[in-house]
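See below for the structure under consideration.
Just so you know, all these numbers are worked out from the coordinates, no wet-lab data involved. Values in this document were obtained by computation on a predicted structure and should not be read as measured data. Methodologically, a virtual Cβ is constructed for each residue, glycine included, from the backbone with ideal geometry; neighbour enumeration extends over all protein chains shown.
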Amino acid sequence: MVFWIVIIGVLFVLGSAGFWAYKKYNFGASYDVGQEIDSFNEIPVYYNGWFSNIKGRNVTNDGYNLGLKYQCVEFVKRYYFEHLNHKMPNSYGHAKDFFDNSLRDGQKNKARNLFQYTNASRSKPKVSDLLIYKASTFNKFGHVSIVSRVSDDEIEIIQQNIGSQSRETFKLIYSDGLWKIKSSRIVGWLRKAN
């Protein structure tokens with residue numbers, strides 16, 4: 001009897017988690033891979049199904065590597081290239097590789113030619129900052145997104161390769177002189193110098 005109660009409980013938990021993920025990420029979206037689903041500053045976000053679709057490498061006319069279509073890295077590098085006229089010295093690497101753990105808050109990340117800020121930082125996140133998420137059990141590559149809106153208590157981000165969920169918000173906390181994005185996944189942000 002106890003065995004069956006445990007089995008039913010496990011099935012209920014798995015079913016609930018699956019339903020939550022289905023609703024959050026819209027697995028049943030009626031988009032085609034490569035279809036534009038959003039944009040920010042006229043830079044499109046493309047639908048990638050669910051993580052595993054790779055449609056070749058996106059390279060600029062002069063040979064600069066933007067990344068694998070339509071992964072998260074490809075969107076942020078395309079955004080930085082097309083909107084901010086920025087090329088990264090190291091144009092390769094997974095999302096988690098964008099953050100250099102050896103740097104202190106506010107130092108220059110030479111591989112990306114961007115200033116790097118830790119989560120928490122003396123510097124408040126700004127629109128167009130690139131957020132870096134750490135690797136996890138289910139995603140060994142990490143994730144990157146772009147800050148699309150900032151207030152005193154919240155940020156909004158735009159991202160690619162997360163189903164059809166292109167926007168997400170996080171609480172922003174200011175305490176003891178530091179700005180912290182409330183998420184254990186976000187390790188920090190990168191910013192182009194003005």
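Observations on the structure shown:
- What you get for region 31-191, charging only the Cβ of Lys and Arg (+1) and of Asp and Glu (-1), is a dipole of about 580 debye around the Cα centre.
- Label sites at residue 41 and residue 154, each approximated as a point 7 angstrom past Cα along Cα to Cβ, lie 2.2 nm apart.
- Least to most buried among 169, 118 (fewest other Cβ within 10 Å first): 169, 118
- Ordering 143, 86 from the fewest to the most neighbouring beta carbons within 10 Å gives 86, 143.
- Violating pairs (Cα-Cα greater than 24 angstrom) within the set 55/140; 134/171; 108/180; 55/192; 140/192; 77/110: 55/192; 140/192
- At R0 = 30 Å, FRET efficiency that the Cβ-Cβ distance of residue 140 and residue 33 yields, to 0.05: 0.85
- Under 20 Å of direct C-alpha separation, and excluding same-chain neighbours fewer than eight residues apart, residue 182 reaches these aspartates and glutamates: 105, 129, 152, 153, 154, 156, 168.
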